[in-house]
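To start, the structure itself, in structure tokens.
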Amino acid sequence: MDAHAPLIDAHCRRIDYLRLSVTDRCDLRCTYCMPERMTFLPRKDLLDLDELHRLANGFIARGVRRIRLTGGEPLVRRDVLDLVRGLGRRLGDGLDELTLTTNGLQLATHADALAAAGVRRINVSLDTLDRETFARLARRDRLDDVLEGISAAQAAGIAIKINTVALRGINEHELPALIAWAHEQGHAITLIELMPLGDVEEDRFDRYLPLAQVRAALERRWQLTPSNHRTGGPARYFDSTETGGRIGFITPLSDNFCEGCNRLRVTATGQLYPCLGGAERVDLRAALRSDDPETALDTALDTAMRIKPARHAFAFDAPGATPAQPRHMSVTGG
Ligand code: SAM
Ligand code: SF4
């Protein structure tokens, strides 16, 4: 076994992108993501800072060039900035990009420190600009904090991509306004299809909105030109002539993109899920806590390459169906 061999899976896909969850906890409770009374992982089971660093370095040694910190809400973890600073030192030394996905609530506090550590680009999740809709959807009345966080990040020189889950009957009619707002502010925006992951208190079937439908509606309003722009993620982009900005579409359900998958996901407890929609799992925490952690980690990564499925298998088949996976997106990391 070559400890520096690139990660190439059984379907010949080169893996160079890690989504690393640092906590499953969150300061919001988005109705489509988790129930109000979510059961969180015991704190003692989470990887500590040293383990997170060793884990990330193990991935970088195997050719991972981009790391996205996620959760849960990554910025609620107390020592997350220590991790960001540590990983920031690998930028230009194995790592091309360090980024994060956040709900934005704590951004006003942390934006300058993130920028100083080398974060140049972040994704901020925002599904609505309407205060009441936000309070209902996130079960917390915190829209103003998100907007303040976005402004602070922009002022710190961090490029922002807004991520918006398209939800039938909730933000469906607001999407053009949300896109126009994002472009006016100079942000890119990507729309995402709802996925059946983990039990929540509503039937997601009623909320699922295929993005082909959204795109068709947008095209009646604006001229959308397919773009060759890629960010290393699964989005496909279109340029909008009228708003002068870019719109991404992430379509896990209506238009499977698994063929080009370059990602692995690790939970805050060190469980590697090679596929968001699959049950396959490799225990990296056990590897990190073994007698020979470096070898065990490499062996675990090789196992992940063997078992990464060709494609996910989730769909919205029928109302009331059980989720494709019991894991919430907040556990696997968005
Ligand atoms: N808390 C952070 C945030 O909201 O950006 C990071 C974690 S969150 C799980 C990452 C992304 O997953 C968010 O954009 C969120 O909207 C999205 N998400 C959560 N549950 C989802 C689901 N069931 N289907 C599709 N996207 C989902
Ligand atoms: Fe929290 Fe993000 Fe899930 Fe909303 S989508 S509950 S912000 S983890």
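Rule-based calculations on the coordinates, nothing more; no lab input. Note that this is a predicted model, so its numbers are computed, not measured. Note: ideal-geometry Cβ built from the backbone for every residue, glycine included; neighbour counts use all protein chains shown.
Computed over the stretch 195-291, the P(r) curve from all C-alpha pair distances, binned at 5 Å from the origin, holds 2, 10, 15, 16, 15, 14, 11, 7, 4, 2, 1, 0, 0 percent per bin.
The convex hull around the C-alpha trace of the stretch 258-334, projected and averaged over every direction, spans 5.6 square nanometres. With a cut-off of 10 Å between beta carbons, the residues surrounding residue 226 carry a summed charge of 0, where Lys and Arg count +1 and Asp and Glu -1. Using alpha carbon centroids, what distance separates the stretch 235-305 and the stretch 74-111, in Å? About 18 Å separates the Cα centre of the stretch 235-305 from the one of the stretch 74-111. Ordering 151, 21, 125 from the fewest to the most neighbouring beta carbons within 10 Å gives 151, 125, 21. Computed from Cα atoms, the angle from the helix 293-307 axis to the main principal axis of the chain rounds to 50 degrees.
Sorted fewest first by neighbouring Cβ atoms within 10 angstrom, 311, 43 come out as 43, 311.
Sequence-distant contacts, meaning Cα pairs under 8 Å at least 6 residues apart, place the relative contact order of the chain at 22 percent.
Think of the stretch 102-164 as a dipole: +1 on every Lys or Arg Cβ, -1 on every Asp or Glu Cβ, centred on the Cα centre; then among 107, 150, 122, 122 lies furthest on the positive end. Full extension of the segment from residue 294 to residue 11, taken as 0.36 nm per residue of separation minus the current Cα-Cα distance, would add 99.4 nm. Taking every DSSP helix (H) stretch of at least 4 residues in the chain, weighting each as -39,500 (n - 2.57) and dividing the sum by the residue count yields a mean residue ellipticity at 222 nm of -8500 deg cm²/dmol. Among beta bridges identified by DSSP and lying wholly in the chain, the antiparallel ones come to about 30 percent. The amide H of residue 25, built 1.01 Å from its N in the peptide plane, has 73 as neighbours under 5 Å, considering only residues 5 or more places off or on other chains. The stretch between residue 229 and residue 213, if pulled fully straight at 0.36 nm per residue, gains 3.6 nm over its current Cα-Cα span. Going from the fewest other Cβ atoms within 10 Å to the most, the residues 38, 305 appear in the order 38, 305. Taking only the Cα atoms of the stretch 7-332, the radius of gyration and Dmax are 19.0, 61 Å. Across all directions, the average flat footprint of the convex hull enclosing the Cα atoms of the stretch 52-173 is 8.0 nm².
Remark on the chain: 12, 26, 258, 261, 275 stand apart, with no other cysteine beta carbon under 4.7 Å.
Near residue 188, the amide H atoms lying under 5 Å from its own belong to 160, 162; only residues 5 or more places off or on other chains count, and H is placed 1.01 Å from N.
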